[in-house]
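Scroll down for the structure; my scribbles are underneath it.
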Amino acid sequence: MTHSTIRRTDQPLPLGTLGKGTRAEICALDESGIVTTLPQGELERRLIEMGFVEGARVEILHEGFPKRDPIAVRVNDHTVALRRSEAAAILVRHVSGKAK
């Protein structure tokens with residue numbers, strides 16, 4: 001088993017602002033600044049059900065064309081498609097280095 005070298009930045013960023021190939025770790029969910037037709041708390045509940053929980057590793061696999069929306073995100077060894085506006089509720093820290 002090989003160990004990976006991991007370096008994280010301190011500043012959390014919305015997942016929806018990151019580009020293809022970016023790897024990150026979820027540090028929080030915050031839907032307060034998101035415009036949605038869902039009732040308060042519903043987006044957060046759905047994200048948690050899909051595996052977007054604190055500490056989970058994510059990677060942006062694909063971006064839609066032509067406006068980079070939606071995005072395909074790998075989380076917990078499965079792939080989920082999200083609108084960038086919804087992904088903005090997922091706060092992450094960049095992770096660099098090789099994954100295990």
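No lab work stands behind these numbers, since they all come straight from the coordinates. None of these values were measured; they are calculated from a predicted model. Don't worry about glycine lacking a Cβ; one is built from the backbone with ideal geometry, like all the others, and counts go over all protein chains shown.
A few points about this structure:
- Relative to the Cα centre, the charge distribution of the chain, modelled as +1 at Lys and Arg Cβ and -1 at Asp and Glu Cβ, gives a dipole magnitude of about 500 debye.
- Residues considered: R74, R84, R45. Largest GNM mean-square fluctuation over the chain, using C-alpha springs under 10 Å, is found at R45.
- Ranked by the mean number of other Cβ atoms within 10 Å per residue, highest first, peptides 59-67, 88-96, 19-27 order as 88-96, 19-27, 59-67.
- Listed residues V75, V35, V53, most fluctuating in the chain (Gaussian network, C-alpha, under 10 Å): V35
- Measuring how big the chain is from its alpha-carbon positions, Rg and Dmax come out at 13.3, 46 Å.
- Sequence of S85, S32 once ranked by neighbouring C-beta atoms within 10 Å, starting from the fewest: S32, S85
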